[in-house]
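Data block below; observations after.
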């Protein structure tokens with residue numbers, strides 16, 4: 001029995017390993033120097049260098065990553081704040097039209113983004129906000145909010161309402177109740193919500209492409225348009241891609257426990 | 001203030017926000033679709049009722065893109081499902097490190113499509129890509145993965161095939177995840193009974209496994225069919241719709257209409273048309289799976 | 001023969017009522033949980049609300065606490081109408097059915113919260129926590145997290161947390177469910193002791209009749225949103241106001257026989273397919289008409305011949321079905337010809353073999369007779 005298990009384990013790791021090979025290959029490429037880059041046969045073993053990363057900094061290519069960080073962090077935090085509050089209300093109380101609200105929230109997942117690009121573009125143009133961080137942030141809050149509400153609600157639902165009631169009798173104000181009781185109790189879940197929102201916003205391209213300008217464009221836009229850039233070089237692209245994708249990989253290992261729950265409630269893309 | 005009224009104020013911001021960022025633009029787009037509004041030619045939008053829709057319905061360009069979209073879906077969807085399910089079964093066997101494997105396997109799904117597309121753009125380069133090198137060493141082939149040559153047997157351009165394959169690479173893990181979730185609902189007792197009864201593998205699949213994963217597969221099918229229309233990033237990066245227009249699936253075409261042709265009116269109409277199709281697809285599938293489910 | 005007088009305690013005066021519910025109507029969703037409900041709870045005493053699951057006990061307690069708003073009627077605590085007062089200001093403390101301890105805080109912090117949120121000094125809090133912990137024997141758990149506690153300890157912590165603050169009424173919602181019998185009776189005695197020493201107004205909800213009876217205080221029997229009886233435990237046991245109450249309070253122990261009453265001159269006989277029993281007419285209110293009735297005999301009032309008192313009369317023959325030893329007593333189950341089971345409580349350890357046939361005798365002065373509508377036709381039922 002044991003041998004069989006090891007056998008399948010090895011097979012599985014080989015298959016998964018082959019499957020994610022492209023990621024590995026690019027990471028490898030990021031450390032190759034100009035010469036090794038295009039060598040045929042392609043080298044697996046070589047002396048790694050930091051050249052590409054240095055060049056990225058010289059060309060100020062990391063501005064795009066900084067933009068990504070700014071836009072992503074602000075939108076996911078605001079989204080979680082608004083979403084958590086709404087989730088609390090929806091979890092605990094019956095409101096007229098509550099089911100309608102929930103349905104509306106889920107249905108936003110079905111919408112193809114393409115329907116939104118023109119009106120959103122027009123909206124932010126009229127407001128004179130084209131190319132600003134704010135326009136992207138406002139849009140992304142809207143994108144991540146339904147999921148934040150839905151996921152937060154599932155975590156809050158798991159807490160018995162008698163905890164709320166006990167806290168009321170204990171004399172906690174609502175805010176203190178959130179700060180000292182509820183949020184600590186569902187903290188890991190909220191972190192997972194943040195991570196899922198982060199991945200969504202961090203990876204988004206279409207709207208960012210439309211709403212940003214060359215100074216505010218996030219990394220996704222920078223990378224997508226990189227073929228036409230001056231001084232385009234696969235080595236630097238690989239380095240940039242490594243910097244761009246590693247954070248997400250690290251994060252999904254952090255929230256492994258919640259991956260299935262979050263993804264099967266509707267993949268957020 | 002009463003707790004209940006206070007929490008009502010908590011819910012309002014979210015609802016309002018979604019109204020402004022989601023519902024309002026949707027209605028705006030719907031409204032736009034009834035106007036002739038091309039930023040290049042018209043100064044002011046002109047109301048034309050359902051003319052836009054009529055024109056699009058007769059537009060060969062639109063039909064061509066629908067065909068391309070259809071081919072794209074026909075290649076990528078079955079591939080995703082078969083591959084995804086097989087790997088789910090693989091991960092379902094007795095082995096070590098299942099969670100690690102699943103997490104690793106989810107990487108393609110969770111990193112940016114833009115990044116994934118670039119990975120493959122590099123790997124599939126006709127001249128220095130690793131894939132072609134391997135193929136040339138083994139078989140002496142040199143494939144222009146992003147070219148307009150037709151793939152033997154399938155009859156689509158290599159470019160379209162490549163886009164479909166990259167999308168498959170990205171989304172197969174999603175199917176695996178769903179199937180794994182479905183498999184985990186099979187009660188242990190049922191499995192033990194099956195191994196005691198010593199039935200054939202095929203029958204095992206048909207009668208024991210399949211009923212449990214069918215609802216999940218159905219859900220995944222609906223989701224993926226709808227999502228297929230959303231494919232954009234990979235196309236933008238790999239082919240920009242080309243060569244020619246061979247990889248312009250319908251949503252890419254809409255994008256071009258709007259932000260290269262600046263024809264907001266038609267683009268809105270077309271995007272709404274797609275929305276309707278997606279909704280219709282959803283209802284068909286929901287019907288099928290609810291109805292079928294009740295039959296049994 | 002029992003009389004009301006033996007069991008009625010001193011009458012209550014208006015001024016000793018701590019909590020009063022007037023014409024209360026509560027609706028949850030579409031369901032009317034109770035309406036036109038009037039209850040009063042004496043200050044400084046423990047009052048039990050006894051009722052089967054779903055009767056509305058939790059709703060009742062939560063309405064008093066303020067988590068549920070009544071549609072009609074008033075909740076009055078210490079003379080103050082509190083309908084519009086939020087729970088945090090009603091001066092109420094509660095042990096919830098789910099116990100609701102905060103998992104991320106230590107036991108000490110949990111017990112202290114009702115005080116620490118209200119600005120008591122550290123020393124004061126410490127003093128109170130320590131003394132309560134000592135009282136409830138949980139001092140050794142103070143530094144631990146709730147998840148590490150055993151069932152009994154967890155409950156005690158919840159009770160300590162409830163009692164630490166000075167409140168006008170203490171509500172306990174089935175605090176002992178899911179605990180095993182031994183711990184339950186320990187905690188029950190604990191609560192009784194606390195009630196007597198602290199002299200606080202307590203309302204204790206439970207679905208368990210034996211628990212209610214063991215607490216020995218005034219009990220409201222609450223079924224389907226209505227009060228069906230109010231009185232001491234003994235009253236409920238000996239003089240249940242309806243067959244419903246009798247069946248509930250007797251929970252599987254009482255012997256319940258459905259049959260007919262036949263009269264021959266001044267003789268009243270109760271007959272089932274298994275037996276005929278003579279009922280002494282002086283325990284009945286009026287001379288009952290013939291017809292369908294239900295006879296209830298408590299297990300301690302039926303004994304096999306050798307344990308029967310002289311005043312007992314013959315009932316029926318039965319075969320020993322099974323035997324249950326309860327502490328120093330034995331509950332013997334007898335099977336009758338028709339297959340009906342009769343339970344007899346013998347005040348010693350007695351182990352007859354299965355299948356042995358014995359003659360069963362009963363105490364005719366202690367039976368309960370109910371008519372078709374479930375109304376008792378006993379002499380005492382007139383004055384209830």
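The set of residues from region A:240-263 being at the interface with chain B (Cβ under 10 Å from one of its Cβ atoms), under 16 Å from the mean Cα position of the chain (by Cα) and modelled with pLDDT under 80 comprises A:259, A:260, A:261, A:263. Scanning for something touching a strand residue (DSSP E or B) at 6+ places or on another chain (Cβ under 8 Å) and over 30 Å from residue C:334 (Cα atoms), does region C:242-256 turn up at least one residue? Checked region C:242-256: no residue is touching a strand residue (DSSP E or B) at 6+ places or on another chain (Cβ under 8 Å) and over 30 Å from residue C:334 (Cα atoms). Does residue C:107 count as surrounded by 15 or more Cβ atoms within 10 Å (Cβ to Cβ), in contact (Cβ under 8 Å) with a residue 40 or more places away in the chain and within 14 Å of chain A (Cβ to nearest Cβ)? In short, no. Do we find that residue C:129 is at the interface with chain A (Cβ under 7 Å from one of its Cβ atoms), surrounded by 15 or more Cβ atoms within 10 Å (Cβ to Cβ), within 23 Å of residue C:173 (Cα to Cα) and touching a helix residue (DSSP H, G or I) at 6+ places or on another chain (Cβ under 9 Å) in this structure? Against the criterion (at the interface with chain A (Cβ under 7 Å from one of its Cβ atoms), surrounded by 15 or more Cβ atoms within 10 Å (Cβ to Cβ), within 23 Å of residue C:173 (Cα to Cα) and touching a helix residue (DSSP H, G or I) at 6+ places or on another chain (Cβ under 9 Å)), residue C:129 does not qualify. Restricting attention to region A:177-190 and to residues that are more than 7 Å from chain C (Cβ to nearest Cβ) and in contact with a helix residue (DSSP H, G or I) (Cβ under 8 Å, 6 or more places away or on another chain), the residue that is surrounded by the fewest Cβ atoms within 10 Å (Cβ to Cβ) turns out to be A:188. In this structure, residue A:193 does satisfy being more than 11 Å from chain B (Cβ to nearest Cβ), in contact (Cβ under 8 Å) with a residue 24 or more places away in the chain, crowded, with 23+ Cβ neighbours inside 10 Å and part of a helix (DSSP H, G or I). Of the residues making up region C:76-96, those that are closer than 26 Å to residue C:153 by Cα and facing another protein chain (nearest Cβ under 7 Å) are C:92, C:93, C:94, C:96.
As a summary of the residue check, residue A:237 satisfies the conditions (1) in a helix (DSSP H, G or I); (2) surrounded by fewer than 16 Cβ atoms within 10 Å (Cβ to Cβ); (3) over 20 Å from the mean Cα position of the chain (by Cα) except for the one numbered (2). Just one of the listed residues (C:50, C:101, C:61) is within 23 Å of residue C:198 (Cβ to Cβ), in contact with a helix residue (DSSP H, G or I) (Cβ under 7 Å, 6 or more places away or on another chain), within 13 Å of chain A (Cβ to nearest Cβ) and buried (at least 19 other Cβ atoms within 10 Å of the Cβ), namely C:101.
Against the conditions (1) over 15 Å from the mean Cα position of the chain (by Cα); (2) closer than 26 Å to residue B:252 by Cα; (3) within 10 Å of chain B (Cβ to nearest Cβ), residue A:149 satisfies every one except (2). Residues that are crowded, with 20+ Cβ neighbours inside 10 Å and within 26 Å of residue C:333 (Cβ to Cβ) within region C:219-236 comprise C:233, C:236, listed in sequence order. Taking the conditions (1) at the interface with chain B (Cβ under 10 Å from one of its Cβ atoms); (2) at pLDDT 90 or above in turn, residue A:267 satisfies each one other than (2).
Scanning region C:251-271 for residues that are touching a residue at least 60 places away in the same chain (Cβ under 8 Å) and out of contact with any helix residue (DSSP H, G or I) (no Cβ under 8 Å at 6 or more places or on another chain) gives C:257, C:261, C:270.
Screening the candidates A:56, A:90, A:77 for the property of being buried (at least 16 other Cβ atoms within 10 Å of the Cβ), closer than 30 Å to residue B:226 by Cα and touching a residue at least 40 places away in the same chain (Cβ under 8 Å) yields one hit, A:90.
Considering each residue of region B:85-92 in turn, none proves to be more than 8 Å from every other protein chain (Cβ to nearest Cβ), in contact (Cβ under 8 Å) with a residue 40 or more places away in the chain, assigned to a loop (DSSP other than H, G, I, E, B) and closer than 30 Å to residue A:147 by Cα.
Here the condition is being modelled with pLDDT of 90 or more, out of contact with any strand residue (DSSP E or B) (no Cβ under 9 Å at 6 or more places or on another chain), farther than 29 Å from residue C:17 by Cβ and crowded, with 16+ Cβ neighbours inside 10 Å; of C:160, C:112, it holds for C:112 alone.
For residue C:373, the requirement of being outside any strand (DSSP E or B), at negative phi and within 27 Å of the chain's Cα centre (by Cα) is met.
Can you name every residue in region A:4-48 that is within 11 Å of chain B (Cβ to nearest Cβ), over 21 Å from residue B:137 (Cα atoms) and out of contact with any helix residue (DSSP H, G or I) (no Cβ under 9 Å at 6 or more places or on another chain)? Those that are within 11 Å of chain B (Cβ to nearest Cβ), over 21 Å from residue B:137 (Cα atoms) and out of contact with any helix residue (DSSP H, G or I) (no Cβ under 9 Å at 6 or more places or on another chain): A:4, A:5, A:6, A:7, A:10, A:14. Taking region B:1-53, which residues are part of a loop (DSSP other than H, G, I, E, B) and within 13 Å of residue B:269 (Cα to Cα)? B:33, B:34, B:37, B:48, B:49, B:50, listed by residue number. Among the residues making up region A:157-173, those that are within 11 Å of another protein chain (Cβ to nearest Cβ) and assigned to a helix (DSSP H, G or I) are A:161, A:162, A:163, A:164, A:165, A:166, A:167, A:168, A:169, A:170. Search region C:254-308 for residues being surrounded by 16 or more Cβ atoms within 10 Å (Cβ to Cβ) and part of a loop (DSSP other than H, G, I, E, B), and hand back the single one that is nearest to the chain's Cα centre (by Cα). Selected residue: C:254.
When restricted to residues that are under 13 Å from residue C:165 (Cβ atoms) and either touching a residue at least 60 places away in the same chain (Cβ under 8 Å) or under 32 Å from the mean Cα position of the chain (by Cα) (or both), region C:116-151 contains 3. Checked across region A:206-217, the condition of being within 8 Å of another protein chain (Cβ to nearest Cβ) and under 30 Å from residue A:85 (Cα atoms) holds for at least one residue.
The values are calculated or read from the model by the stated rules, or taken from the named source; none is laboratory data. For clarity, every value in this text was computed on a predicted model and none was experimentally measured. Glycine also receives a Cβ, built like all others from the backbone with ideal geometry; neighbour counts cover every protein chain displayed.
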